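First up is the structure itself, then whatever we jot down about it.
The values are calculated or read from the model by the stated rules, or taken from the named source; none is laboratory data. What you are looking at is a predicted structure, and each value in this text was computed from that prediction instead of being measured. Methodologically, a virtual Cβ is constructed for each residue, glycine included, from the backbone with ideal geometry; neighbour enumeration extends over all protein chains shown.
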């Protein structure tokens, strides 16, 4: 039976699709309002725009069937992993069918010798890492959430390990993709490198479901390091902390993680986790390698930190002591929210050349102070990427406007410093306006041309990434 | 004055273009037969197909003017760097204008702190590295030839350092590209990472001039390592050498170079360079890092090599002693040619998952023995990439046919092992038939769709990478 509210955004399309999908997938297709709402954006302040239907395929072939069915009816198709993106990627602004990939859950192969695995798109990074642990392997990309690997590839995710291990761009070797016409493409390969034709894998990584649906991935793995050491070190100023980061990277110290918490964030963490860290900018670092190598890295890092006025480097190798040292970083998001209960943060994600990092962070902090906004900062500073979280009472329109204006200045400032709107969250809906500031023509035209070439009917996650100059919907 | 032989492949197009370009560029455009021949393939056994004209622009804007002029006349445009590709990339199978970028020679900026530089496409890697040396920086990608950086990006080049530093895919941050319609696009950016829209930079890297002409690049640099140590070690079998490589990588030893020479190649090097290396498979390795780190790497590598029956690890840190140790590797190509004077090698470039490397190399050596072909092997084995160079008397049709059949089996064997046709040389003309074996539809259709989207008239280096199902010329 068809729920009454399915066809709010009604056209002939969804009705035809619902009937066809129900005949084929039975109760694996639903128009239930709660489930639909869960499949629109639910995590950030971007408004929820639910799809008309949600379907739960269990194989690549089923995804292909769904795409063919939607295409025949002219209905949009929105892939869904875990719904943990911030930028409205899973919203359905034109209605359509949310293709929930969470049942594509198989780890199809682990090639130990090649440090590779093949997974279905719905496997999450923590599920993968749990299954790899006994083999001494791990997959290093760690956005905060336990996201699906398909979603992580689609949004070009990264996280705290990127300074050493790269982003999803660097760790996907091959893919199975369902194209807009419902055909199943296998792109990339298992060789460690290739110069064979256009790099279709890198084209799909970060395409946010707008060029096809990723259903299977071949990923690069890494051996669990023989030794891991974590450390924290307080600095007199943000600039001193940033200069320490720059020197560490310039000297080629292969640091695995290097995260900045500004003093506002440290204060939040002290309150939230009952810590007594000095309320100064803090670097949280991690070193991976052989015992000798890690010892060498720690010694060299401590020397650099000392030169820039860093306090004592506290470090640990035992897992529990490492976790204790990194507790501030791990709880940063909830601690930040706790600074002003009842507010919501506006997620931001700029990334600048590392030489501009200190200047950009300092200017942003000054702007926050001037604007009367509490905005703690956490940064993947090895990459020049930082998240500033202005805490805004979403019920107060003036405050919302003030917060939005602050974010607008933040993004434009980062672009003026030679940076990018988004280091790792993606464009989705909310950053589309900034993509048009970041790139001049004809770069945006190139993106539109690629989009039209691979999705001529604009049915694959429409309304994301790039505005098509002549809307086809 | 127009040379008589300009219009061999005559259409109205080239005549109109010649007049227009000569009016604009004077003696920087030529139809001289010798220069034209130098701008067709001249390095490998792929037949020379010269362009109708050669033009020497001196800026991105001039390249754009040339493209607009050619487009108006419907004449193909073939970018030319140093002409050092093996696969016919610079040939003009449909005639057209060779755009020689060698005068785009400026190093526009070096951002020391960011470990980045901005160069024009005609700068070669050795020119760049000479200019960087005093700053303590280097650009690590090293195909054998002193190729132009634009050409290296266009062919997704790599070389011996890729196991540590990646390929051109990993080391280009941004680009200026002249598109098929003559517009100038700036793509990518200077941030260390970005999730802002489609990865146009990675789409252009490896596109071989078929989607546009790269005129400017922002590259990732690296600090010169504090210490460099080189080493060589002989092994009883190819398998033992490959197993050593696998263990080295699995243990996460950050080796900078790890090259295999098979015993045929070692014999060639002994003869060519008057060395007395044991005529066994040889690994040439290089370690980069701090003195402590390099010492640790050497110790750990020596232990692994010992476990697989490797002979004594000879190693050195002083530049001259390092060069002496690596002399065999440096002279490998000419030494190989010296094994059978008067012959030419057919260049090959397969790359397989590292677990399949020993099996693939051994099967290839057995095939060579069965086929009566001398085919020394040099491999970037850390990536699973190896070059087998069958030495063929190009004047003997039966021998040529035997050599071609051997290469055909080699590529198909690598593909059967899960590998790729080309790890670093590219598709060009000679590997087009193998691209169609390596990928199934609709992957090739995706490539065609991208090509048509960005070059609807098929004027950008036509006849390379992918066969368009309906030829547009």
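Residues in the range A:139-157 that are more than 11 Å from chain B (Cβ to nearest Cβ), touching a helix residue (DSSP H, G or I) at 6+ places or on another chain (Cβ under 9 Å) and not in a loop (DSSP other than H, G, I, E, B): A:148, A:149, A:153.
Against the definition (in a strand (DSSP E or B) and touching a helix residue (DSSP H, G or I) at 6+ places or on another chain (Cβ under 8 Å)), how does residue A:231 come out, yes or no? It is true that residue A:231 is in a strand (DSSP E or B) and touching a helix residue (DSSP H, G or I) at 6+ places or on another chain (Cβ under 8 Å). Scanning the range A:319-361 for residues that are within 14 Å of another protein chain (Cβ to nearest Cβ) and farther than 19 Å from residue A:246 by Cα gives A:347, A:348, A:349. Can you say whether residue B:227 is within 11 Å of chain A (Cβ to nearest Cβ), over 28 Å from residue A:453 (Cα atoms) and without any contact (Cβ under 8 Å) to a residue 40 or more places away in the chain, as far as the supplied structure shows? Spelling it out, it is not the case that residue B:227 is within 11 Å of chain A (Cβ to nearest Cβ), over 28 Å from residue A:453 (Cα atoms) and without any contact (Cβ under 8 Å) to a residue 40 or more places away in the chain.
So which residues in the range B:362-391 are touching a strand residue (DSSP E or B) at 6+ places or on another chain (Cβ under 9 Å), away from chain A (no Cβ under 14 Å) and closer than 19 Å to residue A:190 by Cβ, if there are any at all?
We begin by selecting, within the range B:362-391, every residue touching a strand residue (DSSP E or B) at 6+ places or on another chain (Cβ under 9 Å); these are B:364-365, B:368, B:373-391.
Checking which are away from chain A (no Cβ under 14 Å) leaves us with B:364-365, B:368, B:373-378, B:388-391.
Selection gives B:364 alone.
Residue B:411 - would you say it is surrounded by 24 or more Cβ atoms within 10 Å (Cβ to Cβ) and within 14 Å of chain A (Cβ to nearest Cβ)? The answer is no for residue B:411. Can residue B:279 be described as touching a helix residue (DSSP H, G or I) at 6+ places or on another chain (Cβ under 9 Å), more than 14 Å from every other protein chain (Cβ to nearest Cβ) and crowded, with 20+ Cβ neighbours inside 10 Å? No; evaluated as a whole, the condition is false for this residue. When residues in the range A:240-284 are screened for being over 10 Å from residue A:382 (Cα atoms) and within 25 Å of the chain's Cα centre (by Cα), 15 of them pass. Taken over the range A:158-168, residues that are touching a helix residue (DSSP H, G or I) at 6+ places or on another chain (Cβ under 6 Å) and over 25 Å from residue A:80 (Cβ atoms) amount to 1. Checking each residue in the range B:341-373 for being part of a loop (DSSP other than H, G, I, E, B) and within 24 Å of residue B:426 (Cα to Cα) picks out B:343, B:346, B:347, B:348, B:350, B:352, B:353. It is to be established whether one or more residues within the range A:194-201 are crowded, with 23+ Cβ neighbours inside 10 Å and assigned to a strand (DSSP E or B). No; the residues of the range A:194-201 include none that is crowded, with 23+ Cβ neighbours inside 10 Å and assigned to a strand (DSSP E or B). Check residue B:416 against each of (1) more than 9 Å from every other protein chain (Cβ to nearest Cβ); (2) free of Cβ contacts under 8 Å to residues at least 24 places away in the same chain; (3) closer than 29 Å to residue B:51 by Cα and name the one condition it does not meet. Unmet for residue B:416, out of (1) more than 9 Å from every other protein chain (Cβ to nearest Cβ); (2) free of Cβ contacts under 8 Å to residues at least 24 places away in the same chain; (3) closer than 29 Å to residue B:51 by Cα: (3). Just to be sure, is residue B:209 more than 12 Å from every other protein chain (Cβ to nearest Cβ), assigned to a loop (DSSP other than H, G, I, E, B), touching a strand residue (DSSP E or B) at 6+ places or on another chain (Cβ under 9 Å) and crowded, with 21+ Cβ neighbours inside 10 Å? Yes, satisfied.
Filter the range B:186-205 down to residues that are more than 7 Å from every other protein chain (Cβ to nearest Cβ) and over 19 Å from residue A:454 (Cα atoms), then give me how many there are. So that I can check it myself, show each step before the final result.
First, pick out the residues of the range B:186-205 that are more than 7 Å from every other protein chain (Cβ to nearest Cβ): B:188, B:201, B:204.
Narrowing the set further to residues that are over 19 Å from residue A:454 (Cα atoms) leaves B:188.
Residues meeting the conditions: 1.
Restricting B:237, B:210, B:215 to residues that are in contact (Cβ under 8 Å) with a residue 12 or more places away in the chain, more than 24 Å from the chain's Cα centre (by Cα) and over 28 Å from residue A:349 (Cβ atoms) narrows the list to B:237. Within the range B:422-468, restricting attention to residues that are on the phi > 0 side of the Ramachandran plot and either more than 10 Å from every other protein chain (Cβ to nearest Cβ) or not in a loop (DSSP other than H, G, I, E, B) (or both), the residue that is surrounded by the fewest Cβ atoms within 10 Å (Cβ to Cβ) is B:458. Restricting the range A:286-318 to residues that are within 11 Å of residue A:228 (Cβ to Cβ) and surrounded by fewer than 17 Cβ atoms within 10 Å (Cβ to Cβ), the residue that is farthest from the other protein chains (Cβ to nearest Cβ) is A:318. If you go through the range B:234-245 one residue at a time, do you hit one that is within 14 Å of another protein chain (Cβ to nearest Cβ), at pLDDT below 95 and crowded, with 20+ Cβ neighbours inside 10 Å? Checked the range B:234-245: no residue is within 14 Å of another protein chain (Cβ to nearest Cβ), at pLDDT below 95 and crowded, with 20+ Cβ neighbours inside 10 Å.
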